[in-house]
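What follows is a set of notes on a single structure, which appears directly below.
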Amino acid sequence: MFIASKFEDIYPLKMKTVYEKIAHKKLEIERIKLLELDIMKSINYKIHAPTVLDFLKVYMVNALGIEILNRTETKKKEEQALLANNNYVPSNKPNESDSNDEIQPQDKEPAKDMRTPAEKEAHLQKYLIEKMSIYLAKMSMHEINLSVRNPSLLAVGAIYVALKICEQLKKKELINAQVVTRLINVSKMGED
């Protein structure tokens with residue numbers, strides 16, 4: 001659990017917590033460290049193989065310049081995309097901690113989007129490609145025939161199919177020789 005926490009958690013467990021709460025003070029701190037080292041040696045320090053989503057993040061940035069961010073940033077990108085598509089209705093819900101008896105007027109107007117229509121369209125397109133790629137990559141993890149494939153190949157495939165779908169939706173060419181070359185170079189598929 002200590003190793004997993006160090007690898008996965010933003011704020012990993014502290015040794016004191018492991019000693020007191022997990023080991024219930026039955027293992028000394030030095031023994032916990034030795035056991036951790038033994039486990040790491042027995043698996044040759046190979047904690048996990050990168051997933052299709054790990055590859056997708058790298059390929060999206062390197063091939064298309066689209067960065068997949070954390071959930072808060074993704075929510076902001078979603079609001080910007082909706083605003084760019086003229087479908088955004090700002091949320092006027094009061095906080096749950098606010099009194100339900102009084103409806104407080106909103107002090108602030110929603111921020112005006114100062115981007116040009118071309119910038120809005122480009123942002124919306126990147127957002128659509130990002131979401132479509134993530135969706136396809138996640139769905140590939142549930143398909144038995146695809147789950148045995150290299151995650152790097154699935155990531156390139158998810159990006160390519162997402163670009164194809166977006167081409168059809170937007171009625172404009174997104175895949176050209178330059179994009180394909182960048183995808184091949186970033187995934188190093190040409191070396192096989």
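For the reader, a short list of remarks on this structure follows.
- Condition met for ARG149 (surrounded by 13 or more Cβ atoms within 10 Å (Cβ to Cβ), assigned by TED's automatic domain parsing to the domain that holds MET60, at pLDDT below 85 and of a type outside the set (A, V, I, L, M, F, W, C)): no
- Tally, over segment 6-32, of residues that are without any contact (Cβ under 8 Å) to a residue 12 or more places away in the chain and part of a helix (DSSP H, G or I): 8
- Going through (1) under 31 Å from the mean Cα position of the chain (by Cα); (2) without any contact (Cβ under 8 Å) to a residue 12 or more places away in the chain one by one, VAL52 falls short only on (2).
- The residues of segment 114-139 that are buried (at least 17 other Cβ atoms within 10 Å of the Cβ) and farther than 12 Å from LEU56 by Cα, listed by number, are LYS120, HIS123, LEU124, GLN125, LYS126, TYR127, LEU128.
- For segment 159-179, residues that are among the aliphatic types (A, V, I, L, M) and closer than 12 Å to LEU64 by Cβ total 6.
- Near pairs, Cβ below 7 angstrom, 6+ apart or cross-chain, from segment 152-174 (without any contact (Cβ under 8 Å) to a residue 24 or more places away in the chain) to any residue that is crowded, with 16+ Cβ neighbours inside 10 Å and not acidic (Asp, Glu): TYR160/LEU183; GLU167/LEU174
- Out of ILE159, ILE184, sole residue that is out of contact with any Gly (no Cβ under 9 Å at 6 or more places or on another chain) and surrounded by 13 or more Cβ atoms within 10 Å (Cβ to Cβ): ILE159
The values are calculated or read from the model by the stated rules, or taken from the named source; none is laboratory data. Please read these numbers as outputs of a predicted model, since none were measured by experiment. With ideal geometry, Cβ positions are generated from the backbone for all residues, glycine too; neighbour counts draw on all protein chains shown.
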